[in-house]
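Student: I have a structure I would like to understand better, so I am pasting it below and will then ask my questions one at a time.
Bear in mind that the values in this text are calculations on the coordinates, not laboratory data. This structure is a prediction, so every number in the text was calculated from the model and none was measured. We place every Cβ from the backbone using ideal geometry, glycine too, and count neighbours over all the protein chains shown.
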Amino acid sequence: MTRRLRLDVIAPDDYVRDVLPHSAALWAGSRSFDEYVDEFRAIASSAFGKRRFRTVGLRIDGALAASCKRYERTLRCGDRTYKAAGIGAVFTPDDLRGRGYATAMLGAFLDAERDAGTDLAYLFSDIHPSFYERLGFVTLPSRTITLRADSLPGRRLTVTALGEADASAVRRLFDTFDTRRPYAFARTPLDWEWQRLRATSREHAGQPVHLGVRHGRSLTAYVTGRRVPSADSFVLDEFAYANPDEADLIPALLRAAAGDLRTIRAWLPPTIAREALPRGAVRPRTTALSMLVPLSASFRAAFNANPPDRNDAADPCWSTDHI
Ligand SMILES: CC(C)(COP(=O)(O)OP(=O)(O)OC[C@H]1O[C@@H](n2cnc3c(N)ncnc32)[C@H](O)[C@@H]1OP(=O)(O)O)[C@@H](O)C(=O)NCCC(=O)NCCS
């Protein structure tokens, strides 16, 4: 009889000591090492972190041979919800690579999720997707869009910078917009806390921008992203608008967000949102490829009945869902 591998939960202090010094070169981005560590600790110790996030790994003779992050989210498809386990930061130390440790860890991860009744696992691959396809993952449409700011239709708008006081209006608007989509990751209060922590991250260079348009006192549209002058770009994270007839608020808001910057760049937005943008230049992403593997029979049936394909007009999720 074959014995199943068991994953260990890695306590945040152990993860900081055993993994972060090795993974920083890859994933710290524009953060210093201390910022990289502080941001990890802030997520791990948040309410979201305590309930929906942990680090796990495979120990061989006591040493950590492979590790990853586990995020817990809910995927809504129509009226149904599915339990989703997100996998991030799959990592094997340099000197232990090529011995099957990451594959074994992910196999054990998926077995444990299946046993626990999780409906699907998902990740965003920075490496050739064949590594994850061997484990049953399917690659979903994963593209970028680039727009020239001066090609966007203008519309006279009074645009306001949004702050903390607008947080609940932003959430309401996002939720209303999201319910029009056939499927989406749910945003519970815990997910919003996680979003708020990530919005303050210094991982990506640039100046955060949160812009909105109001009718009277109510928020009717917003965009969030970063101005990155060194790339002459506004990098869009996400947007929403209240009235389906007012999708043209979005190009106008994007133009305002870009200001004197030449281009607007983003992951290709998901359905409904994609329709608010002009065609633009759409290209396949080379990193952060969206992948998922159905684990439960009910999710597999739903997924097989309507699998996304490469020619879909929109991508499956916002870049803000990236882990
Ligand atoms: C990717 C990684 C986790 C694999 O760990 P590992 O324990 O060596 O993996 P396994 O031994 O189970 O599998 C090895 C196989 O992984 C695949 N692999 C490794 N790096 C890969 C890459 N960049 N692209 C595609 N496949 C890759 C190869 O097929 C390799 O097989 P080979 O040794 O016959 O060439 C490890 O290389 C790593 O930590 N890389 C840096 C972090 C990273 O990029 N993580 C993935 C983020 S999505």
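Student: Given H placed on each backbone N at 1.01 Å, which residues far from ALA240 in sequence or on other chains put an amide H within less than 5 Å of it?
Tutor: TYR222
Student: For the range 144-284, report the translational diffusion coefficient in µm²/s to the nearest whole number, using Stokes-Einstein at 25 °C, 0.890 mPa s, and a Kirkwood Rh over Cα pairs.
Tutor: My calculation gives 160 µm²/s for D.
Student: Ok, one more. What percent does the relative contact order of the range 144-284 come to when contacts are Cα pairs within less than 8 Å and at least six residues apart?
Tutor: 36 percent
Student: OK, next. From the Cα gyration tensor of the range 19-120, with a ≥ b ≥ c the square roots of its eigenvalues, which class applies: rounded if a/c is under 1.5, or else prolate if a/b is larger than b/c, or else oblate?
Tutor: Verdict is oblate for the range 19-120.
Student: Take the alpha-carbon centre of the range 190-246, take the same for the range 1-69, and report the distance between them in whole Å.
Tutor: The range 190-246 and the range 1-69 have Cα centres separated by 29 Å.
Student: Now for a different question. Add -39500 (n - 2.57) for each DSSP H run of 4 or more in the chain, then divide by its residues: what number comes out at 222 nm, to the nearest 500 deg cm²/dmol?
Tutor: Per the formula, -8500 deg cm²/dmol.
Student: For the range 302-311, what does the Karplus curve 6.51 cos²θ - 1.76 cosθ + 1.60, with θ = phi - 60°, yield as ³J(HN,Hα) per residue in whole Hz, taken in order and with x for Gly and Pro?
Tutor: With the stated coefficients, the range 302-311 comes to 5, 5, 5, 6, 8, x, x, 10, 4, 8 Hz.
Student: Identify the trypsin sites (Lys or Arg not before Pro) of the range 215-323 meeting these criteria: DSSP loop state and at most 14 other C-beta atoms within 10 Å of the C-beta.
Tutor: Sites meeting the loop and neighbour criteria: ARG217, ARG262, ARG279, ARG310.
Student: Let me ask another. Just to confirm the filter: which chymotrypsin sites (Phe, Trp or Tyr not before Pro) across the range 1-84 are DSSP coil and have at most 13 other Cβ within 10 angstrom of their Cβ?
Tutor: Answer in residue order: no site qualifies.
Student: Apply the Karplus curve 6.51 cos²θ - 1.76 cosθ + 1.60, θ = phi - 60°, to the phi angles in the range 178-183 and return the couplings in whole Hz, x for Gly and Pro.
Tutor: 5, 5, 7, 8, x, 8
Student: Does the range 29-78 come out rounded, prolate or oblate by the C-alpha gyration tensor, with a ≥ b ≥ c the root eigenvalues, rounded set by a/c under 1.5 and, if not, prolate when a/b is larger than b/c and oblate if not?
Tutor: In terms of gyration-tensor shape, oblate.
Student: Here is a follow-up. How long, wide and thick is the chain, going by the Cα atoms along their three principal axes, in whole angstroms, largest first?
Tutor: 69, 46, 34
Student: Please rank ARG73, ARG59, fewest neighbouring Cβ atoms within 10 Å first, as an exposure proxy.
Tutor: ARG59, ARG73
Student: Now, a different point. If amide hydrogens are placed 1.01 Å from N in the peptide plane, which non-local residues have theirs closer than 5 Å to the one on ASP315?
Tutor: THR271
Student: Can you tell me the relative contact order of the chain? Whole percent, Cα pairs under 8 Å, sequence separation 6 or more.
Tutor: It comes to 22 percent, rounded to a whole number.
Student: Roughly how many debye, to the nearest 20, is the charge dipole of the chain about its Cα centre, given +1 on each Lys and Arg Cβ, -1 on each Asp and Glu Cβ, and no other charges?
Tutor: In total the dipole reaches around 380 debye.
Student: Continuing with the same structure: Explain nothing, just the number: dipole magnitude of the range 50-177 about its Cα centre with +1 on each Lys and Arg Cβ and -1 on each Asp and Glu Cβ, in debye rounded to the nearest 20.
Tutor: About 380 debye.
Student: Still on this model: Pull up all non-local amide H partners of ALA186: gap of 5 or more, or a different chain, and H-to-H distance under 5 Å with H placed in the peptide plane.
Tutor: It is THR74, LEU75, ARG76, by chain and number.
Student: If you don't mind, there's one more thing I want to ask. I need to check one value: relative contact order of the range 1-138, counting alpha carbon pairs closer than 8 Å and at least 6 residues apart, in percent.
Tutor: 21 percent
Student: Taking N as the number of residues in the range 227-323, what is its Cα Rg relative to 2.2 N^0.38 Å?
Tutor: 1.26
Student: Mind listing the phi-derived Karplus ³J(HN,Hα) values for the range 113-125, rounded to whole Hz, using 6.51, -1.76 and 1.60 with θ = phi - 60°, and x for any glycine or proline?
Tutor: Those phi angles translate into 5, 4, 4, 7, x, 5, 7, 7, 10, 9, 7, 10, 8 Hz.
Student: A further question follows. Using the Cα centre of the range 95-153 as the reference point, and only Cβ charges (+1 on K/R, -1 on D/E), how large is the resulting charge dipole? Debye, rounded to the nearest 20.
Tutor: Using only the charged Cβ atoms, the result is roughly 240 debye.
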